[in-house]
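A short write-up of the structure that comes next.
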Amino acid sequence: MLIAYGTCLEAVRLAPLVMELRRTKGLRPMVAVPGLHSPVLDELHAMLRIEPDIDLDAMGCGKPLAETTLLALGGRSASFERSSMYLHGLNVDVVVVGGETTTAFAVALAGFYARLPIVHVGGGRRAELGDASFAENQLGRSIAQTASLHLVPTCAERANLVDEGIDPADVVVTGPLDIDDEVGEPASEARYVRAVARSRAALEELLGIGRRLPDFSPTQAA
């Protein structure tokens, strides 16, 4: 299982899932980041006690994967063929990305080329037109089209995805995985633990080794 991210915010959101999966018997998550020695991410990884395994640059002929995406969109598909071979060489069975950034899109597209299931964590957020981050909307929609499983924090994100044509059966409402998702309210420990457990169980179901847990509901506030 490959878990990839490119920003500190994505790292914070995916860290609980990384740690949970590393404790889960039968799963071997590999963390991939753009550059194994980024000063900012290095400091965050030290705080989170996460050691990255893979440099994403290795998946694109030595170039950052975002640049590889642009090359591929320009007709140079050999870069993505290399990415597919790289993923299969690592025996990756699932690709997990978080957020709606260029890195997430590039990794998801590489996994798609490799014909691997894509899991999108924290998708479905849609900025209002005119918002400074509205460009993320298109990246989010593009990732959604490649994903086999969508792990979203609330019913609002689920509704956005369903409105865009995503099969409701492929969307799991996990509850918030981090404090930022609580809209300013600190997440209770119990709710946080259940959100991580729902995410893990959904991944296990995708791999055929477990069963999905019931979706999060706002009435389950702890």
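The values are calculated or read from the model by the stated rules, or taken from the named source; none is laboratory data. Quantities reported herein were computed from a predicted structural model and do not represent experimental measurements. Heads up, the Cβs are rebuilt from the backbone with ideal geometry, glycines too, and the neighbour counts pull from every protein chain shown.
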Practice problem: Test residue 127 against the criterion of being outside any loop (DSSP other than H, G, I, E, B) and either over 19 Å from residue 4 (Cα atoms) or modelled with pLDDT of 90 or more (or both), and give yes or no. | Solution: no
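Conditions tested, residue by residue: (1) polar (S, T, N, Q); (2) more than 16 Å from residue 210 (Cα to Cα); (3) in a strand (DSSP E or B); (4) touching a helix residue (DSSP H, G or I) at 6+ places or on another chain (Cβ under 7 Å).
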site: 3; (1), (2), (3), (4): no, yes, yes, yes
site: 16; (1), (2), (3), (4): no, yes, no, yes
site: 19; (1), (2), (3), (4): no, yes, no, no
site: 24; (1), (2), (3), (4): yes, no, no, yes
site: 27; (1), (2), (3), (4): no, no, no, yes
site: 40; (1), (2), (3), (4): no, yes, no, yes
site: 43; (1), (2), (3), (4): no, yes, no, no
Practice problem: Give the residue that is modelled with the lowest pLDDT, with candidates limited to residues of the stretch 1-34 that are of a type in the set (Gly, Ala, Ser) and under 24 Å from residue 123 (Cβ atoms). | Solution: 6
Exercise. Would you mention how many residues in the stretch 80-120 are part of a helix (DSSP H, G or I), closer than 20 Å to residue 206 by Cα and within 11 Å of the chain's Cα centre (by Cα)?
Key: 3
Practice problem: For residues that are within 15 Å of the chain's Cα centre (by Cα) and farther than 23 Å from residue 89 by Cβ, scanning just the stretch 15-54, find the one that is surrounded by the fewest Cβ atoms within 10 Å (Cβ to Cβ). | Solution: 19
Quiz item: Is there any pair linking a residue in the stretch 1-14 that is more than 21 Å from residue 92 (Cβ to Cβ) to one that is part of a helix (DSSP H, G or I), with Cβ under 8 Å and at least six apart or on different chains, and which?
Solution: 7/103; 8/40; 8/41; 8/44; 9/180; 12/44; 12/48; 12/180
Quiz item: In the set 182, 136, which member is at pLDDT below 90, surrounded by 14 or more Cβ atoms within 10 Å (Cβ to Cβ) and farther than 22 Å from residue 104 by Cα?
Solution: 182
